[in-house]
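Novice: Have a look at this one before I ask anything.
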Amino acid sequence: MRRILTVVLMMLLAGLQYRLWVADGGLAHTHRLAGEVRAQREENAQRVARNAALDAEIRDLKSGVAAIESRARTTLGMVHDGETFFLVVNPS
């Protein structure tokens with residue numbers, strides 16, 4: 001009887017150890033989820049910074065002509081009347 005009780009208790013202990021270390025909700029699963037949360041927080045921080053930069057650019061474009069003019073010059077290569085456009089090409 002004592003031997004059966006010992007075997008049952010050992011199997012119960014093994015089952016509990018399995019749940020602790022391997023099963024969903026165990027330490028391995030919790031560690032993996034913590035890594036995923038950390039990665040998601042980093043991605044969110046990058047997106048918040050990008051959104052703030054885009055928001056600042058939008059406010060700048062809405063507020064005045066200078067920002068729109070600068071954007072047209074750099075992006076579209078536009079020039080004012082009376083200005084001369086020079087394109088410098090690298091010989092390589």
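The values are calculated or read from the model by the stated rules, or taken from the named source; none is laboratory data. Here the structure is a predicted model, which means the values were calculated and not measured.
Novice: Specify which of the listed residues (ARG41, ARG19) is at pLDDT 80 or above, of a type outside the set (A, V, I, L, M) and assigned to a helix (DSSP H, G or I).
Specialist: Unique residue meeting the criteria: ARG41.
Novice: Identify all residues within region 1-25 that are under 48 Å from the mean Cα position of the chain (by Cα) and hydrophobic (A, V, I, L, M, F, W, C); write none if there are none.
Specialist: Correct list: LEU9, MET10, MET11, LEU12, LEU13, ALA14, LEU16, LEU20, TRP21, VAL22, ALA23.
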